[in-house]
1. In this structure, does S127 turn out to be of a type in the set (S, T, N, Q) and crowded, with 21+ Cβ neighbours inside 10 Å?
2. For region 137-147, state whether one or more residues are among the small types (G, A, S) and under 17 Å from G64 (Cβ atoms).
3. Taking region 137-150, which residues are modelled with pLDDT of 90 or more and assigned to a loop (DSSP other than H, G, I, E, B)?
4. Which residue is most open to solvent (accessible area, probe 1.4 Å), if the candidates are limited to region 59-69 and must be hydrophobic (A, V, I, L, M, F, W, C) and within 22 Å of K178 (Cα to Cα)?
5. When the residues of region 151-179 are filtered to those that are outside any strand (DSSP E or B) and of a type in the set (K, R), which remaining residue is nearest to the chain's Cα centre (by Cα)?
6. Could you list, in sequence order, all residues of region 35-58 that are of a type in the set (D, E) and either open to solvent by 70 Å² or more (accessible area, probe 1.4 Å) or not in a loop (DSSP other than H, G, I, E, B) (or both)?
7. Pairs only if they're at least six apart or on different chains, beta carbon under 6 angstrom, first in region 134-154 and without any contact (Cβ under 8 Å) to a residue 40 or more places away in the chain, second open to solvent by less than 10 Å² (accessible area, probe 1.4 Å); list them, first residue then second.
8. Restricting attention to region 59-91, which residues are under 23 Å from G150 (Cα atoms), aliphatic (A, V, I, L, M) and assigned to a strand (DSSP E or B)?
Amino acid sequence: MPKILLLICIYFICSFGVTAIEADNTESNFDILLNHTNYGVADGLSQDTVTAIVEDKEGYVWVGTINGLNRFDGNEFKQFYAGDDAKSLPSSFIRNLLIDDNGVLLVGTDKGLVQFDKETESFSRNSISTQIGDQAIWSISKQDDKIFIGLNNKFLSYDYKSLKVNYSFENNTIKEIKNIVILNKEIYKKL
């Protein structure tokens, strides 16, 4: 009896091996060809190290890098950099991008938060930006009608319609809050 079991095992092992070899030689019906284009500094991108990407309602793709914010219209890039005036980015190091439900682009830098004004193509601070000051923005996220901002040792949430802070938490033992999630009315943070 044991010889029969051994032969059956050898038969199954060999048949599975032959099936695997046959499967390698057949063509897959699920081959997908993905077309893509790489863009770099030579194509107008301000820097090759990308930190954030979002697309707005007009179809512009906003690309944050460690040296500037870029708006791509499908053909060319327009760059935005930090400047000395109040209508420029506070820093060219873009950490996070978010477009709220009103279509406002929020830009988190290593020196604070600003929003983009489409009409003037300039940046401004809102009341939340003023409260944050020049702190590095480690994360920006939106859940329901709240926007969450992760900072060093602190995070806050605010209603983007009224621009009023509805929750703030600070603790010197936590650093660099990179993600905030609400689940069943409990707030979780990824450090």
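The values are calculated or read from the model by the stated rules, or taken from the named source; none is laboratory data. Since the model is a prediction, treat every value here as computed from it, not as a measurement. A quick note on method: Cβ atoms are made from the backbone with ideal geometry, for glycine too, and the neighbour counts reach across all protein chains shown. Ligands, DNA and RNA are excluded from the accessible area calculation, which covers all protein heavy atoms including side chains. Shrake-Rupley method; radii C 1.70, N 1.55, O 1.52, S 1.80 Å.
1. Answer is no for this residue.
2. The answer is yes, given that some residue of region 137-147 is among the small types (G, A, S) and under 17 Å from G64 (Cβ atoms).
3. I137, W138, listed by residue number.
4. Out of the qualifying residues, it is I66.
5. So the residue we want is K178.
6. D43, D48, E55, E58, listed by residue number.
7. Note: pairs meeting the criteria are Q135/L151; K146/S157; F148/S157; F148/I180; G150/S139; G150/I177; G150/I180.
8. Across region 59-91, the qualifying residues are V63, L69, A82, L89.
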